[in-house]
There are 2 protein chains.
Amino acid sequence: MSSLKGNVLIGQSGGPTCVINQSLVGIIETAVGADAVDRVLGARHGIAGILAEDFIDVGKESQATLEAVAVTPCAALRSVRKKPTREECEKALDVFQKHNIRYFFYIGGNDTAETAHILNEVAVEKSYEVRLFHVPKTIDNDLLVTDHCPGFGSAAKFVASAFMGDNQDNRSLPGIKIDVVMGRHAGWLTAASLLARQNADDGPHLIYLPEVDFSVESFLADVDRMYTKHGRCLIAVSEGIHGPGGEPIINTGEVDSHGNVQLSGSGALGDFLSAKVKDGLGKGLRVRADTFGYLQRSFAGFHSEVDAVEARECGRTAMRAALAGDRPHGSVFMERASGADYHIDYKLTELRNVAKETRDMEASFLKGTNDVDSSFLDYVRPLVGEIFVPARLSDFPL
Amino acid sequence: MSSLKGNVLIGQSGGPTCVINQSLVGIIETAVGADAVDRVLGARHGIAGILAEDFIDVGKESQATLEAVAVTPCAALRSVRKKPTREECEKALDVFQKHNIRYFFYIGGNDTAETAHILNEVAVEKSYEVRLFHVPKTIDNDLLVTDHCPGFGSAAKFVASAFMGDNQDNRSLPGIKIDVVMGRHAGWLTAASLLARQNADDGPHLIYLPEVDFSVESFLADVDRMYTKHGRCLIAVSEGIHGPGGEPIINTGEVDSHGNVQLSGSGALGDFLSAKVKDGLGKGLRVRADTFGYLQRSFAGFHSEVDAVEARECGRTAMRAALAGDRPHGSVFMERASGADYHIDYKLTELRNVAKETRDMEASFLKGTNDVDSSFLDYVRPLVGEIFVPARLSDFPL
């Protein structure tokens, strides 16, 4: 039973998703009106907004506004990529105290969970009572513990639809086409391109994931073989591919405050591989590269319904748990029930179990060095939900 | 009154659109069962398929297959980028004669219309009677005579939705973001990004079109001003921008058989501009570039309803005109009725009026050197139809 009374504060952090505001609204709607809750506040730009005391009163929003915001992509509270120092975390706790923040929710990925974890350590040290919860989100799907991450299903639907279309494009105007997909550490999102393979000759014909060391030489041999077989070749490449020992394929030289190298927001990897194919397999080949970029995480008006519902429920679960008071802190995760029917239970784990580290694709989902096993389809299909499937002519002969 | 009896042949040519198969199905469903028509055939890969006599019997397809194909992006007959020589056109006419092709429909852009025009000249020379029609399609929207082109509305909806999402992304994680949009000669598709500007501070904050000479120096000054004003800057850049006299900004060195330089399928222009901003305005700035690429023309399961209906009707109009026999050849165009209500009349013009040349945006749609006039919204809104509009929090102060 909770007897902790005070204000609720919510922050969003890291890269956007199409359903990150569902989680925000799930927290707000569960908090508003609860006995223990005075006001429901939002920190603009996450931890940066906390340090600057840049708060807005989200508890005053109408349900109509909240519903409209819920279906809008990208952090409505605005986001941040900032790893606070220990001193900043101490200052953040002072701000909590000053504003009587007794419930804090941080929506984000593994770096965000780490910040929440450190804030919690500082709160314990200072003996400041605050319920502190991490709500998962990432299109990369690389958080530990949870079956999958809110945000992934919508991004996977985008990637699958992009490949379905580009497979038709490549079939219509044959050539070699490289599509670079987001995913810094893990290949989950790139693997979702497998959903586009409906017919035996459909692309992607090759799929390269960060879980397998990449070699330009093997890549060229693969492309040559597929191009010879199909007269065309559609390739899915994760932006996170690397050589043995994590050696980057190319290096843009830019690093964020969490030590992550800049991968997205540039066509460099695709163009590099495209040039390698032209140099290695023949100048006359029609080789093109597209880098899907931010569209994967923020395209407006296109999401997975399942993903939206789950993201909302993750937010509600965090607020309910905070109010129940059985645990002072934690991270929400989704557990998939075994059996044929897709069912998710919403649970809580320790912050430290989700902080910092990332989750690779299981080895059973990988197929050789350049493909994804079909068992992955059983995993990913329910997360994406209904999706448009292209059709072809029968090609009846004369 | 038509007394010309024989087979119908259909081809698709040039870059894909999301509704190019609506036109195909519009022709097929109007042809099948007509008294004058024996069989309804498709040439695979356009003029290349004609020369190779690579035909399929599309008249045998079920209505269910046709409807499924109609909503599938990219040329179901498969496409080609080939400008036939005079000799090849003569050979094509021999093939027509051999297969008693009396009705030929070529779906494509201005290069496709030119091929149809030459085929028609050769037919007249040879005194071979064939009804020869061009059905317009291009996401570039740069065909002469017609109010707009089938394929443009869907691509414009994609670009507008991409910018709506990316504007939220840029607002959420501020920085300088450059998005490169398709459009070789004309800025129509890039201008559609204007639909994303709902609030006064929404991006795109700058829009660069091929209709206005581009200068890197002015570009940097513009970005600096906007970034200072908004603390962020979202920029729409047409892939077709160029310096005075058509001087390319960068040159990939690749040219197709119509003499067109390769622009798409590479992130080079975006990365070039991104580097210029970092060099010119400060190494510490967060600058990213995305090149939307083929997604704009082939993304599966996302189109404008109006565009789909109009593309279908353009196909039907061509077949109806061919059967009516009032004119032996022509190109379908759409005329917009004056007045507040959007209404389109489907008409025919001479092939030579559409062949080869392209249509720039009218000067009245341009605003200075880096923006689009709001009058363009009246032009483009009906073509895009219903579109998701993002919402924001009210940012109520404490």
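Structure values in brief
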| item | result |
| --- | --- |
| Among (1) surrounded by fewer than 24 Cβ atoms within 10 Å (Cβ to Cβ); (2) more than 10 Å from chain B (Cβ to nearest Cβ), the one test that A:Thr17 misses | (1) |
| Evaluation of A:Leu143 against (1) of a type in the set (A, V, I, L, M, F, W, C); (2) farther than 30 Å from A:Lys91 by Cα; (3) in contact (Cβ under 8 Å) with a residue 12 or more places away in the chain; (4) outside any helix (DSSP H, G or I) (one fails), failing number | (2) |
| Any hit, the stretch B:189-201, residues being over 24 Å from the mean Cα position of the chain (by Cα) and either under 15 Å from B:Arg288 (Cα atoms) or in contact (Cβ under 8 Å) with a residue 40 or more places away in the chain (or both) | yes |
| Within the stretch A:290-307, considering residues that are within 13 Å of another protein chain (Cβ to nearest Cβ) and in a helix (DSSP H, G or I), the one farthest from the chain's Cα centre (by Cα) | A:Leu295 |
| Residue check for A:Arg320: part of a helix (DSSP H, G or I), within 14 Å of another protein chain (Cβ to nearest Cβ) and touching a residue at least 12 places away in the same chain (Cβ under 8 Å) | no |
| Residue within the stretch A:252-272 that is at pLDDT 95 or above, out of contact with any strand residue (DSSP E or B) (no Cβ under 6 Å at 6 or more places or on another chain) and within 11 Å of another protein chain (Cβ to nearest Cβ) present | no |
| Every residue from the stretch B:37-60 that is more than 14 Å from B:Asn100 (Cα to Cα), facing chain A (nearest Cβ under 8 Å) and crowded, with 24+ Cβ neighbours inside 10 Å | B:Val58 |
| Of residues in the stretch B:182-204 being within 22 Å of B:Glu357 (Cβ to Cβ) and not in a helix (DSSP H, G or I), the one nearest to the other protein chains (Cβ to nearest Cβ) | B:Met182 |
| Selection count, the stretch B:205-222, where residues are assigned to a helix (DSSP H, G or I) and either in contact with a strand residue (DSSP E or B) (Cβ under 9 Å, 6 or more places away or on another chain) or not charged (D, E, K, R) (or both) | 6 |
| Residues located in the stretch B:61-84, provided they are free of Cβ contacts under 8 Å to residues at least 60 places away in the same chain and in contact with a Lys or Arg (Cβ under 9 Å, 6 or more places away or on another chain) | B:Thr65, B:Ala68, B:Val69, B:Pro84 |
| Any chance A:Val181 is farther than 20 Å from A:Gly240 by Cα and at pLDDT 95 or above | no |
| Flag if B:Thr115 is touching a Cys at 6+ places or on another chain (Cβ under 8 Å) and either touching a residue at least 12 places away in the same chain (Cβ under 8 Å) or within 16 Å of A:Pro390 (Cα to Cα) (or both) | yes |
| Answer from A:Gly231, A:Gly153 - the residue that is over 22 Å from A:Ala268 (Cα atoms), surrounded by fewer than 24 Cβ atoms within 10 Å (Cβ to Cβ) and in contact (Cβ under 8 Å) with a residue 40 or more places away in the chain | A:Gly231 |
| Identity of the residue in the stretch A:70-106, within 20 Å of the chain's Cα centre (by Cα), at pLDDT 95 or above and away from every other protein chain (no Cβ under 14 Å), that ends up nearest to A:Ala31 (Cα to Cα) | A:Phe105 |
| A:Tyr342 being more than 20 Å from A:Gly26 (Cα to Cα), modelled with pLDDT of 95 or more and not in a helix (DSSP H, G or I) | yes |
| Any hit, the stretch A:99-117, residues being of a type in the set (A, V, I, L, M), assigned by TED's automatic domain parsing to the domain that holds A:Arg131, buried (at least 22 other Cβ atoms within 10 Å of the Cβ) and touching a Phe, Trp or Tyr at 6+ places or on another chain (Cβ under 7 Å) | yes |
| Residue identified as in contact with a helix residue (DSSP H, G or I) (Cβ under 6 Å, 6 or more places away or on another chain), at pLDDT 95 or above and not charged (D, E, K, R) among B:Gly49, B:Gly109, B:Gly14, B:Gly59 | B:Gly14 |
| Some residue of the stretch A:157-172 being more than 12 Å from chain B (Cβ to nearest Cβ) and touching a residue at least 40 places away in the same chain (Cβ under 8 Å) | no |
| Wholly within the stretch A:37-118, helices (runs of 4 or more DSSP H) carrying at least 2 residues that are more than 15 Å from A:Val8 (Cα to Cα) and among the small types (Gly, Ala, Ser) | A:63-70 |
| Hits in the stretch B:330-340 - residues which are surrounded by fewer than 23 Cβ atoms within 10 Å (Cβ to Cβ) and not hydrophobic (A, V, I, L, M, F, W, C) | B:Glu335, B:Arg336, B:Ser338, B:Gly339 |
| Some residue of the stretch B:373-391 being free of Cβ contacts under 8 Å to residues at least 12 places away in the same chain, away from chain A (no Cβ under 14 Å) and assigned to a helix (DSSP H, G or I) | yes |
| Test for B:Val159: is it out of contact with any helix residue (DSSP H, G or I) (no Cβ under 8 Å at 6 or more places or on another chain) and modelled with pLDDT of 95 or more | no |
| Candidates B:Ala318, B:Ala322, B:Ala363, filtered to the one that is small (Gly, Ala, Ser) and surrounded by fewer than 24 Cβ atoms within 10 Å (Cβ to Cβ) | B:Ala363 |
| Hits in the stretch B:126-156 (condition: out of contact with any Gly (no Cβ under 6 Å at 6 or more places or on another chain) and within 14 Å of another protein chain (Cβ to nearest Cβ)) | B:Gly151, B:Ser154, B:Ala155, B:Ala156 |
| The listed residue being in contact (Cβ under 8 Å) with a residue 40 or more places away in the chain, within 11 Å of another protein chain (Cβ to nearest Cβ), touching a strand residue (DSSP E or B) at 6+ places or on another chain (Cβ under 8 Å) and β-branched (Val, Ile, Thr), out of A:Val277, A:Val287 | A:Val287 |
| Residue satisfying condition, being more than 21 Å from B:His205 (Cβ to Cβ) and either part of a loop (DSSP other than H, G, I, E, B) or within 14 Å of chain A (Cβ to nearest Cβ) (or both), within set B:Asp395, B:Asp360 | B:Asp360 |
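The values are calculated or read from the model by the stated rules, or taken from the named source; none is laboratory data. Owing to the predicted nature of the structure, the values given are computational and were not obtained by experimental measurement. Cβ: placed from backbone, ideal geometry, glycine included. Neighbour counts: every protein chain shown.
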